[in-house]
Amino acid sequence: MKQLLAAIDFSKHSNAVLEQAGQLASDLGAKLWILHVTSDEMQAMAYEPSPFSDYAPEFVNIPGDVQLARDLSAEAFKREHNQLLAITDHLRKKNIAAQALLLKGDAAKLILEKAADLAIGIIILGSHGHGLLHKALLGSVSEAVMHKAQCNVMVVPAQAE
């Protein structure tokens, strides 16, 4: 097993995922891919009707500020890219072969696609432990990856608060 993939979301639980993934990569002498999947929520909001349409009918068919949404999306993408580079730099200083990946789209789908493309042996990701209602309404990336992955999956549980 020479390739591991750690999927992170920059939540407070990401540190536990990175710690486990880094230790496993070190123990196995494996390359560690650090993957973050970002969404296009900011750009999608630009095309939705104005939030003021409830108060004034003249705003009903006016979309949001598209350029502002694009700028904010690009800014967030750049910030996340820099965070990933800092993480991989930190891991490399510990003699772990780490590589950053930043993608946009559906998290579960892209994690599974990258795992197949890179011949990943183990996917390491976190479980947020939001509960049944959250999972029923929004789904779960870790749940989808566990059920559809063609390789081993290690789920790092959320830390108790």
- Of all residues in the stretch 100-123, count the ones that are of a type outside the set (A, V, I, L, M, F, W, C), surrounded by 16 or more Cβ atoms within 10 Å (Cβ to Cβ) and farther than 18 Å from THR88 by Cβ. 1
- Note on the structure: Counting only residues in the stretch 81-99 that are out of contact with any helix residue (DSSP H, G or I) (no Cβ under 9 Å at 6 or more places or on another chain) and among the hydrophobic types (A, V, I, L, M, F, W, C), the one surrounded by the fewest Cβ atoms within 10 Å (Cβ to Cβ) is identified as ALA86
- Among the residues of the stretch 130-148 satisfying the criterion of being within 16 Å of the chain's Cα centre (by Cα) and surrounded by 13 or more Cβ atoms within 10 Å (Cβ to Cβ), which is modelled with the highest pLDDT? VAL145
- Query: in a loop (DSSP other than H, G, I, E, B), charged (D, E, K, R) and modelled with pLDDT under 95: does that describe GLU161?
  - Reply: yes
- Note on the structure: Counting only residues in the stretch 52-95 that are modelled with pLDDT of 55 or more and among the β-branched types (Val, Ile, Thr), the one nearest to ALA16 (Cα to Cα) is identified as ILE87
- Return only the number of the condition from (1) on the phi > 0 side of the Ramachandran plot; (2) more than 13 Å from the chain's Cα centre (by Cα) that GLY105 does not satisfy. (2)
- Item | Every residue from the stretch 2-34 that is among the charged types (D, E, K, R) and assigned to a helix (DSSP H, G or I) | GLU19, ASP27
- Message: Tell me the residue from HIS13, HIS36 that is in contact with a helix residue (DSSP H, G or I) (Cβ under 7 Å, 6 or more places away or on another chain) and touching a residue at least 24 places away in the same chain (Cβ under 8 Å), please.
- Response: HIS36
- Kindly check whether there is at least one residue in the stretch 42-51 that is of a type in the set (S, T, N, Q), farther than 26 Å from GLU113 by Cβ, more than 16 Å from the chain's Cα centre (by Cα) and at pLDDT below 85. yes
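The values are calculated or read from the model by the stated rules, or taken from the named source; none is laboratory data. Source: prediction; values computed, not measured. Cβ: placed from backbone, ideal geometry, glycine included. Neighbour counts: every protein chain shown.
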